[in-house]
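Beneath this line is the structure, given in structure tokens, with notes to follow.
The values are calculated or read from the model by the stated rules, or taken from the named source; none is laboratory data. Owing to the predicted nature of the structure, the values given are computational and were not obtained by experimental measurement. Please note: Cβ atoms are built from the backbone with ideal geometry, for glycine as well, and neighbour counts cover all protein chains shown.
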Amino acid sequence: MKIIAFVGLPLSGKSTAANVAKEMSIPVVVMGDIVREEVKKRGLELTDENAGKVASELRQKEGMDAIARRCIPKIRKAAKDTGIVVIDGIRGIAEVERFRKEFGEDFILIHIDSPIELRLERALKRKRSDDISSIEELKQRDERELSWNMGKAIEAADFTIENTSSFEEFVEKIRDLLQKFAKQIEVEIETDVHPTEDEEKVIQAVKNLFPNVDVKIEDGKLYAITYDLSKFRELLRRQRILDTVRSELLKKRRGNEATVYLNKQTAVVSRVNFADEDAILSPLRVTFKVYGIPFERFVDWLAPETRDGRPVKEIEL
């Protein structure tokens, strides 16, 4: 799972970045929606002043990470099928800490930086009901959000994107960065290495299926990870077992991932054969984790439907 959050001062471009994610079919959880929902629930007019008061009150009563905590169920629900979610609207370091505690290394924070003059210009153009209308109001809003320790949140960002050029250039920057995380297939391989087995032969068996793999062996167990499925995909076509692989992946699917067991001995001769989980010489436990694309599309790419043993249609990810 990948959780990508945008942080920045008001009108820096967070909503635009979120819209780019939506266009890439990445689900977006907008933290400001939590506040706006609360404003409406209380029967208040949706203005910047009311939204600010409600947001401050929530943080005072429930803690500085109150809105982040309310977002977590929405994030997990959104990530269930795609394995990747964008969060729009980080306001303070407490929220960053909450998300990092909840999601660990899967949480990625991106700072969007833009000068105040450009941010005011955007506000005047988009004409949202809770937007500011003068540079004085924008400065007040900056001060309010900085009082929630947004400065520390910005300092904690993993990446910074400058939003100082054209709209089109900014959109392209966001799209390029999201693509690094979004369309990603991660493969984890594990197996026991028995005392009677040659470690080098076991490593070679794995590399026969996944050549570009990082491997380590600790305490009699092999762990490996790769993002390159080109050789594996080629072998499936060469052996004409696409229908079998397709069936196994769909049957073993759990959310955005699937785990299958492959015969270690046949891998030595670069052949893909499925095995039972409790096979005597420990099979290769292979887990495919899919981020940013529907799992079914990944299966269509790796093991498409066939006719007379050949793919009916090959697709690109």
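Structure data summary
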| quantity | calculated |
| --- | --- |
| Among (1) within 16 Å of ARG285 (Cβ to Cβ); (2) surrounded by 14 or more Cβ atoms within 10 Å (Cβ to Cβ); (3) at pLDDT below 95; (4) not β-branched (Val, Ile, Thr) - the single one PHE181 does not satisfy | (1) |
| Single unsatisfied condition, LEU120 versus (1) over 29 Å from the mean Cα position of the chain (by Cα); (2) surrounded by fewer than 16 Cβ atoms within 10 Å (Cβ to Cβ) | (2) |
| Close pairs (6 angstrom Cβ cut-off, 6 or more residues apart or separate chains): acidic (Asp, Glu) in segment 82-109, outside any strand (DSSP E or B) anywhere | ASP88/LYS14; ASP88/ALA18; GLU95/ASP65; GLU95/ALA68; GLU102/ILE72; ASP106/MET1 |
| 1 or more residues among the polar types (S, T, N, Q) and outside the structural domain of ALA21 (by TED's automatic domain parsing): qualifying helices (runs of 4 or more DSSP H) within segment 200-317 | 230-239, 242-252, 264-267 |
| Residue under evaluation VAL85, criteria (1) outside any helix (DSSP H, G or I); (2) out of contact with any helix residue (DSSP H, G or I) (no Cβ under 9 Å at 6 or more places or on another chain), criterion not met | (2) |
| Unique match (being over 30 Å from GLN179 (Cα atoms) and out of contact with any strand residue (DSSP E or B) (no Cβ under 9 Å at 6 or more places or on another chain)) among ILE280, ILE315 | ILE280 |
| Unmet requirement for SER165, which otherwise passes all of (1) at pLDDT below 90; (2) farther than 30 Å from SER230 by Cβ; (3) in a helix (DSSP H, G or I); (4) in contact with a helix residue (DSSP H, G or I) (Cβ under 9 Å, 6 or more places away or on another chain) | (3) |
| Which listed residue is touching a Phe, Trp or Tyr at 6+ places or on another chain (Cβ under 9 Å), touching a residue at least 40 places away in the same chain (Cβ under 8 Å) and on the phi < 0 side of the Ramachandran plot, from LEU178, LEU229, LEU281 | LEU229 |
| Cβ pairs under 8 Å, 6+ apart, first in segment 54-73 and surrounded by fewer than 18 Cβ atoms within 10 Å (Cβ to Cβ), second outside any helix (DSSP H, G or I) | ARG69/GLY63 |
| Residue selected from segment 277-315 under the condition of a type in the set (Asp, Glu) and at pLDDT below 90, by the criterion nearest to LEU229 (Cα to Cα) | GLU277 |
